1. For the stretch 121-144, how many residues meet the condition of being touching a strand residue (DSSP E or B) at 6+ places or on another chain (Cβ under 6 Å) and either surrounded by fewer than 14 Cβ atoms within 10 Å (Cβ to Cβ) or within 20 Å of residue 62 (Cβ to Cβ) (or both)?
2. In the stretch 175-216, how many residues are in contact with a strand residue (DSSP E or B) (Cβ under 8 Å, 6 or more places away or on another chain) and in a loop (DSSP other than H, G, I, E, B)?
3. Of 102, 138, which residue is in a loop (DSSP other than H, G, I, E, B) and either within 29 Å of residue 68 (Cα to Cα) or more than 14 Å from the chain's Cα centre (by Cα) (or both)?
4. Suppose the filter is under 13 Å from the mean Cα position of the chain (by Cα), within 19 Å of residue 63 (Cα to Cα), in a strand (DSSP E or B) and without any contact (Cβ under 8 Å) to a residue 12 or more places away in the chain; does residue 158 pass it?
5. I'd like to verify a number: residues in the stretch 209-223 that are in contact with a helix residue (DSSP H, G or I) (Cβ under 6 Å, 6 or more places away or on another chain) and in contact (Cβ under 8 Å) with a residue 60 or more places away in the chain, how many?
């Protein structure tokens, strides 16, 4: 429901009236580079962000995203910052539109990672749990779950799905938090850059809600693996 509303049940609310999330106000530029640095301004901003992240005076229970983003963490949209201000457990509910790729390789990759099946308006449940120096995320789309573990390594955020760990080059741009994949390893074996999937993913706030848009494309071919977009609100 929208911020301030108390009567409309979640199940009666469509996602942006069957329009793509972009048309609801998101600015998802699929032609931009995965990390800042496409201009001198971006390079300087990225350097400042890295410096702030390393200078951040963090306690053991400082939220992981605050440790990585440093002082820029406070510039996140309120609902995004609240979601990542994680010291115990957060639970969310909402809805998402899911599109799956149809080619053989993307379908195989989606099966390995247990990405959700295509659905026009899938109910979503997300739990984020702080466990020591990690966060364990469980996402349930229309009853089907997939999990990942987030952890900081060498000052950068990583996300592990089973035996595969991705390095995320987090940055903030246009009131949104972006999650490009900048590296990966299988166990302890680094994967060549050519084998990395392309992640065009962001989180932001619209109309008082946490909004997400995650598009993952296959390495080399760029074929769609999965694209899920929607909104979440705190449970209860």
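1. 6
2. Matching residues across the stretch 175-216 total 6.
3. Numbers: 138 fails: in a loop (DSSP other than H, G, I, E, B).
That would be 102, the only listed residue that is in a loop (DSSP other than H, G, I, E, B) and either within 29 Å of residue 68 (Cα to Cα) or more than 14 Å from the chain's Cα centre (by Cα) (or both).
4. On the way: under 13 Å from the mean Cα position of the chain (by Cα): yes; within 19 Å of residue 63 (Cα to Cα): yes; in a strand (DSSP E or B): yes; without any contact (Cβ under 8 Å) to a residue 12 or more places away in the chain: yes.
In short, yes.
5. 4
Each row is one residue, and each column tells you yes or no for (1) over 14 Å from the mean Cα position of the chain (by Cα); (2) on the phi > 0 side of the Ramachandran plot; (3) surrounded by 15 or more Cβ atoms within 10 Å (Cβ to Cβ); (4) modelled with pLDDT of 95 or more.
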| position | (1), (2), (3), (4) |
| --- | --- |
| 165 | yes, no, yes, yes |
| 177 | no, no, yes, yes |
| 191 | yes, no, yes, no |
| 205 | no, no, yes, yes |
| 212 | no, no, yes, yes |
| 226 | no, no, yes, yes |
| 229 | no, no, yes, yes |
| 232 | no, no, yes, yes |
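The values are calculated or read from the model by the stated rules, or taken from the named source; none is laboratory data. In this text the structure is predicted, and so the values were computed from the model without any measurement. Quick reminder, even Gly has a Cβ in these numbers, built from the backbone with ideal geometry, and neighbours come from all protein chains shown.
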